[in-house]
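Trainee: This is the structure, below, for whatever I ask next.
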Amino acid sequence: MAAQNFDVIVIGAGPGGYVAAIRASQLGLKVAIVERENLGGICLNWGCIPTKALLRSAEVFHLMHRAKEFGLSVSGAAFDLGAVVARSRGVAKQLSGGIGHLMKKNKVTVFMGAATLPRAGAVSVKTDKGVEELTAKSIILATGARARELPGLEADGDLVWTYRHALQPVRMPKKLLVIGSGAIGIEFASFFNTLGADTTVVEVMDRVLPVEDAEVSAFAKKAFVKQGMKILEKTTVKKLDRSPGKVVAHLEDAKGTTTAEFDTVISAVGIVGNVEGLGLEALGVKIDRTHVVTDEFCRTGVPGLYAIGDIAGAPWLAHKASHEGVMVAELIAGGHPHPIKPNSIAGCTYCHPQVASVGLTEAKAKEAGHEVKVGRFPFIGNGKAIALGEAEGFIKTVFDAKTGELLGAHMIGAEVTELIQGYVIGRSLETTEEDLMNTVFPHPTLSEMMHESVLDAYGRALHI
């Protein structure tokens with residue numbers, strides 16, 4: 001059978017791949033996309049979206065228990081884990097179906113199957129019906145990543161889970177161990193802890209949420225402990241002894257090794273890129289620690305071959321992947337897009353309380369040689385936060401003392417994942433403290449704390 005020819009072939013239909021395909025099609029290119037599992041990729045089906053649905057259920061459950069504070073009464077508050085999970089799966093399914101519609105609408109040809117690259121400019125797709133041969137001048141790798149598995153801590157779906165098992169739990173954990181306190185680990189810890197699991201989080205670094213500003217980590221730890229979690233920092237899980245219905249974890253810290261028994265373990269120790277089985281090495285693609293090495297425009301060094309999203313390295317975030325997809329599509333179509341600045345990409349964690357940040361932490365700003373001015377404003381000083389019954393948290397801003405450049409912003413508290421975008425836009429527009437001070441923020445809103453945090457950096461805060 002003759003090969004089908006396209007202008008662009010995208011491998012992987014996650015938030016990087018499907019967005020790249022849409023943009024390339026909008027620019028008048030003939031596009032094919034190859035997906036071996038679900039349109040929407042991990043993010044829509046097994047990551048960002050279904051976890052947010054679960055966490056929303058936990059948040060409502062938590063609020064039900066606080067009803068009295070709001071002058072309300074709820075009796076017999078309970079949850080049905082099966083129904084919570086079913087809602088989450090329904091949300092994912094609705095969005096995944098929406099991607100299929102977007103592909104049709106944008107005239108993108110979809111091939112469901114596993115792709116390999118037999119030679120430059122060619123893709124072979126193994127589908128249910130046989131093998132399809134495709135060719136294109138430009139190929140975009142968007143194959144994503146999967147959970148890292150450490151020796152001895154491998155998931156079995158029964159006692160030891162990855163995020164995928166945790167999204168469709170076979171039972172409600174009674175005594176839960178979460179290994180890793182990055183976004184994935186802490187979100188699942190937050191979910192199951194809120195529903196009543198006795199939850200322990202182990203982190204090998206010296207603090208939870210280790211990529212966040214140290215003050216945010218410290219505040220988060222205090223909040224998690226208050227909610228009943230046990231947080232073990234600078235601790236490693238050396239091995240897991242499994243027997244029917246229980247796991248004995250061997251935990252090592254500076255004082256030595258102890259053991260603790262759990263009925264469920266969630267391993268959230270990072271991710272590895274899906275680089276195997278594609279034929280990349282034979283093409284001369286450079287791979288470093290399971291990630292494809294690219295330049296700032298996502299070029300791999302092999303003519304016409306690009307890599308975007310998780311497979312191309314940190315930050316491993318859906319919105320970074322989508323933005324890279326658009327950038328590469330525009331590049332292929334002959335445009336002159338700006339490269340993405342990793343430091344201007346916000347990170348959001350949907351635990352309780354929420355965490356969001358962009359740019360440099362205070363420590364990183366000082367390390368980079370900046371003289372800094374730092375502002376902080378607490379939720380307790382904000383009328384809207386108190387009215388919501390969400391008075392815990394703070395917003396921190398870091399400025400360059402000489403130029404007034406906003407170097408970073410760090411938040412913890414209710415709805416901060418929605419607030420962070422204000423600072424993201426500010427950084428994108430190269431705003432200074434003066435611009436932010438002269439901006440009128442609406443009242444009463446949580447966003448006023450952003451204004452006050454800026455004012456505080458310059459000794460001008462009004463409400464503390």
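Trainee: Scan segment 58-83 residue by residue and report those that are touching a residue at least 40 places away in the same chain (Cβ under 8 Å), assigned to a helix (DSSP H, G or I) and open to solvent by less than 50 Å² (accessible area, probe 1.4 Å).
Mentor: Ala58, Phe61, Leu81
Trainee: Among the residues of segment 413-456, count how many are over 21 Å from Asn343 (Cα atoms), touching a residue at least 40 places away in the same chain (Cβ under 8 Å) and aliphatic (A, V, I, L, M).
Mentor: 4
Trainee: Somewhere in segment 25-46, is a residue modelled with pLDDT of 95 or more, in a helix (DSSP H, G or I), open to solvent by 40 Å² or more (accessible area, probe 1.4 Å) and out of contact with any strand residue (DSSP E or B) (no Cβ under 9 Å at 6 or more places or on another chain)?
Mentor: So far as segment 25-46 goes, yes, one or more of its residues are modelled with pLDDT of 95 or more, in a helix (DSSP H, G or I), open to solvent by 40 Å² or more (accessible area, probe 1.4 Å) and out of contact with any strand residue (DSSP E or B) (no Cβ under 9 Å at 6 or more places or on another chain).
Trainee: Considering only residues that are among the acidic types (Asp, Glu) and surrounded by fewer than 17 Cβ atoms within 10 Å (Cβ to Cβ), look in segment 362-385 and name the one that is farthest from Gly185 (Cα to Cα).
Mentor: This residue is Glu371.
Trainee: Here's another thing I want to ask about it. Does at least one position in segment 133-150 carry a residue that is open to solvent by 40 Å² or more (accessible area, probe 1.4 Å), more than 22 Å from the chain's Cα centre (by Cα) and not charged (D, E, K, R)?
Mentor: Taking every residue of segment 133-150 in turn, none turns out to be open to solvent by 40 Å² or more (accessible area, probe 1.4 Å), more than 22 Å from the chain's Cα centre (by Cα) and not charged (D, E, K, R).
Trainee: Then there's this: Considering each residue of segment 334-351, count those that are surrounded by 13 or more Cβ atoms within 10 Å (Cβ to Cβ) and of a type outside the set (A, V, I, L, M, F, W, C), and give that number.
Mentor: The number of residues fulfilling the criteria is 6.
Trainee: When you look at Ile9, is it surrounded by 14 or more Cβ atoms within 10 Å (Cβ to Cβ), in a helix (DSSP H, G or I), touching a Leu at 6+ places or on another chain (Cβ under 7 Å) and modelled with pLDDT of 95 or more, yes or no?
Mentor: For Ile9, the condition - surrounded by 14 or more Cβ atoms within 10 Å (Cβ to Cβ), in a helix (DSSP H, G or I), touching a Leu at 6+ places or on another chain (Cβ under 7 Å) and modelled with pLDDT of 95 or more - is not met.
Trainee: If we only count helices (runs of 4 or more DSSP H) wholly inside segment 398-458, which ones have 3 or more residues that are of a type in the set (S, T, N, Q) and either surrounded by 23 or more Cβ atoms within 10 Å (Cβ to Cβ) or in contact with a Leu (Cβ under 8 Å, 6 or more places away or on another chain) (or both)?
Mentor: none
Trainee: Something else now. Residue check, Gly359 against (1) buried (at least 16 other Cβ atoms within 10 Å of the Cβ); (2) at negative phi, all met but one. Which one?
Mentor: The failed condition is (2).
Trainee: Just to be sure, is Lys52 among the basic types (Lys, Arg), open to solvent by 40 Å² or more (accessible area, probe 1.4 Å), farther than 30 Å from Glu133 by Cβ and under 17 Å from the mean Cα position of the chain (by Cα)?
Mentor: yes
Trainee: For segment 151-165, which residues satisfy the criterion of being buried (at least 19 other Cβ atoms within 10 Å of the Cβ) and under 17 Å from Asp310 (Cβ atoms)?
Mentor: Selection gives Thr162, Tyr163.
Trainee: Taking Ile464 and the conditions (1) at pLDDT below 95; (2) open to solvent by less than 20 Å² (accessible area, probe 1.4 Å), which numbered condition does it fall short on, given that it satisfies the others?
Mentor: (2)
Trainee: Does Lys234 qualify as being touching a residue at least 24 places away in the same chain (Cβ under 8 Å), open to solvent by 70 Å² or more (accessible area, probe 1.4 Å), closer than 18 Å to Gly180 by Cβ and not in a loop (DSSP other than H, G, I, E, B)?
Mentor: Against the criterion (touching a residue at least 24 places away in the same chain (Cβ under 8 Å), open to solvent by 70 Å² or more (accessible area, probe 1.4 Å), closer than 18 Å to Gly180 by Cβ and not in a loop (DSSP other than H, G, I, E, B)), Lys234 does not qualify.
Trainee: Six or more apart or on different chains, Cβ under 7 Å: which pairs go from a residue in segment 314-335 that's modelled with pLDDT under 95 to one that's surrounded by fewer than 20 Cβ atoms within 10 Å (Cβ to Cβ) and part of a helix (DSSP H, G or I)? Could you list them?
Mentor: Between residues of segment 314-335 that are modelled with pLDDT under 95 and residues that are surrounded by fewer than 20 Cβ atoms within 10 Å (Cβ to Cβ) and part of a helix (DSSP H, G or I), the close pairs are Pro315/Pro342.
Trainee: Being β-branched (Val, Ile, Thr), touching a residue at least 12 places away in the same chain (Cβ under 8 Å), out of contact with any Pro (no Cβ under 6 Å at 6 or more places or on another chain) and farther than 20 Å from Glu276 by Cα: is that true of Ile345 here?
Mentor: no
The values are calculated or read from the model by the stated rules, or taken from the named source; none is laboratory data. The model shown is predicted, which means the values in this text are computed figures rather than measured ones. Please note: Cβ atoms are built from the backbone with ideal geometry, for glycine as well, and neighbour counts cover all protein chains shown. Surface accessibility is based on the protein's heavy atoms, side chains included, excluding ligands, DNA and RNA. Shrake-Rupley method; radii C 1.70, N 1.55, O 1.52, S 1.80 Å.
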